[in-house]
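Worksheet: one structure, shown below.
The values are calculated or read from the model by the stated rules, or taken from the named source; none is laboratory data. Fair warning: this is a prediction, and the values are worked out from it, not measured in the lab. Methodologically, a virtual Cβ is constructed for each residue, glycine included, from the backbone with ideal geometry; neighbour enumeration extends over all protein chains shown. Quick note on the areas: whole protein, heavy atoms, side chains included, nothing else; ligands and nucleic acids left out. Shrake-Rupley method; radii C 1.70, N 1.55, O 1.52, S 1.80 Å.
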Amino acid sequence: MRRPELWRTTTFRLTLVYGAVFSAGVMALLGLIYASAAVFLTHQMDEIVIGQARALHGVSSAALPETVREVETQDVRNVNFYGLFTPSGVWIAGNVRALPRDVPPDGVPRELREKGFQPGARALAERLASGEILFVGFDAKTLAGLRAIILSSLIWSGALIIPLGLGLGAALSLGPLKRIGAVQQASLPILEGDLSARLPTSSRRDEIDMLAGIANGMMDEVERLLWAVKSVGDNVAHDLRTPLTRLRALLYRVHQEIDVSDAHRDMLDQALSETDALLARFRAIQRISEIDRRKRRAGFASVRLQALVEQIGDLYEPVAEEQGLGLVIEAGVAGNILADHELLFEALSNLVGNALKFTPRGGEVRLRLTARPEGPRIEISDNGPGVPENEREAVLQRFYRGQLEREVPGSGLGLSIVAAVARLHDFRLVLGDAAPGLKVTLDCWPVAMTH
């Protein structure tokens, strides 16, 4: 499975969003805990600093330096800081040798930001009655430790949550991706014209099943409407074949048994010709319907294309010679394929017959079989007028005749039969430019292999 496909899934994206929201919530919670703890500890340290300063207020000015040294030596944890300074700021006693500049002697506890102190240390300085300045600080390193704990928690939780979220998102996305892949594979036959195919559903009844159910319902209705439209033409062709056959029989009988003038005989010949053309069209319509109604693999067997191409060449070589055309057969070695021999023969006959019909005298028609990595390829090319690029899709439809074909007899159904055979076999039929003329390419391998 490719990573871009995983990243595009809604499940994976939602998992990432939920993971991001959860991570933000954890960070906000830890930040709130840190802020609340910082306020509480700051208040406690301020109380300690004020209490220590008040304890030194009752000491006389003469005994104060010695008292400061005694309390300093009693601090085994090294968290208390004292300093006694003259009114001008000269050091007298204590472990603080210089009065910090950000702590004015106003008796108000402040954060101590001097070098050598941890973040969160608190201190105050106040001027005594003797004019001396007393400095008292407390640095329990509590906030720094708490900050380190919270930062470590964030790092470890992020290291766990991010891979866990990505893994969970990938795991949750595998199921929908597999189902979407199954839907995609099931859609390929529909794209190739098999309206009986349907999208798979499961018992989960989730959004994928809902969409598949809607699509299947739409396909049911489309199939019904299309078969209704097709059945109109099929029924007309079926119902009119019998009266047309009778009409032709009557015309032929009149032509054979009644003595008529040459002018009337010409009219009868024309009527017979037009009747034959109508019957040919109806037979072609029914043939297309018959091909479209066949089961996908009914009647399929191993077909040797080299022999089939040579057979087509033997059949049409006298026709080409009679019309003054060259017919070149290049039956290269190609492997056998699973196909309907009769239908492939009919399709190739139509293609070669069309090429001979539209190629002017002295031209050439080429039937070529080659082996491609994907499978065999059949090409029929001529140097006739060709088909304009904007009509190459339309000429595969029933009854369509291009601008260059209007003066040539035909029903406009030959290429429709070829297209129906290609659809049945899941082969790709492409009309191209032979420069000059038309080149028809029939790739004899399933179109699904190229998707």
Of the listed residues (Arg13, Arg54), the one being in a helix (DSSP H, G or I) and either modelled with pLDDT of 80 or more or of a type in the set (S, T, N, Q) (or both) is Arg54
The number of residues in region 93-123 that are small (Gly, Ala, Ser), farther than 26 Å from Ala37 by Cα and open to solvent by 30 Å² or more (accessible area, probe 1.4 Å) is 1
Output for Cβ contacts, cut-off 8 Å, separation at least six or different chains, first residue assigned by TED's automatic domain parsing to the domain that holds Leu250 and at pLDDT below 70 in region 261-280, second small (Gly, Ala, Ser) and surrounded by 13 or more Cβ atoms within 10 Å (Cβ to Cβ), reads Ala277/Ser411; Ala280/Ser411
Log entry, pairs with first residue in region 428-443 being closer than 8 Å to Ile380 by Cβ, second being assigned to a strand (DSSP E or B) and among the small types (Gly, Ala, Ser), beta carbons closer than 7 Å, six or more apart or on different chains, reads Lys439/Ser381; Lys439/Gly432
Scanning region 367-386 residue by residue, those touching a Leu at 6+ places or on another chain (Cβ under 8 Å), assigned to a strand (DSSP E or B) and of a type outside the set (Asp, Glu) turn out to be Leu367, Leu369, Pro376, Arg377, Ile378, Ile380, Ser381
- Query: Could you say whether any residue in region 126-149 is modelled with pLDDT under 70, surrounded by fewer than 17 Cβ atoms within 10 Å (Cβ to Cβ) and touching a Gly at 6+ places or on another chain (Cβ under 7 Å)?
  - Reply: yes
Picking from Pro100, Pro119, the residue that is closer than 14 Å to Val136 by Cβ, modelled with pLDDT under 90 and in a loop (DSSP other than H, G, I, E, B) would be Pro100
Residue in region 58-76 that is surrounded by fewer than 15 Cβ atoms within 10 Å (Cβ to Cβ), under 60 Å from the mean Cα position of the chain (by Cα) and either β-branched (Val, Ile, Thr) or not in a strand (DSSP E or B) (or both) present: no
Note: among Ser187, Ser202, Ser196, just one is modelled with pLDDT of 70 or more, of a type outside the set (A, V, I, L, M), open to solvent by less than 70 Å² (accessible area, probe 1.4 Å) and not in a helix (DSSP H, G or I), namely Ser202
Contact list, first residue from region 24-53 and in the same structural domain as Ala121 (by TED's automatic domain parsing) and under 27 Å from Val71 (Cβ atoms), second anywhere and of a type in the set (D, E, K, R) and modelled with pLDDT of 80 or more, beta-carbon distance below 9 Å, six or more apart or interchain, is Thr42/Glu111; Thr42/Arg122; Met45/Arg122; Met45/Asp139; Asp46/Arg122; Ile48/Arg122; Val49/Arg122; Ala53/Glu126
### Query
Is it the case that some residue within region 22-42 is in contact with a strand residue (DSSP E or B) (Cβ under 7 Å, 6 or more places away or on another chain), at pLDDT below 85 and not polar (S, T, N, Q)?
no
| query | Looking at this structure, is Val68 under 25 Å from Tyr34 (Cβ atoms) and modelled with pLDDT of 85 or more? | reply | no
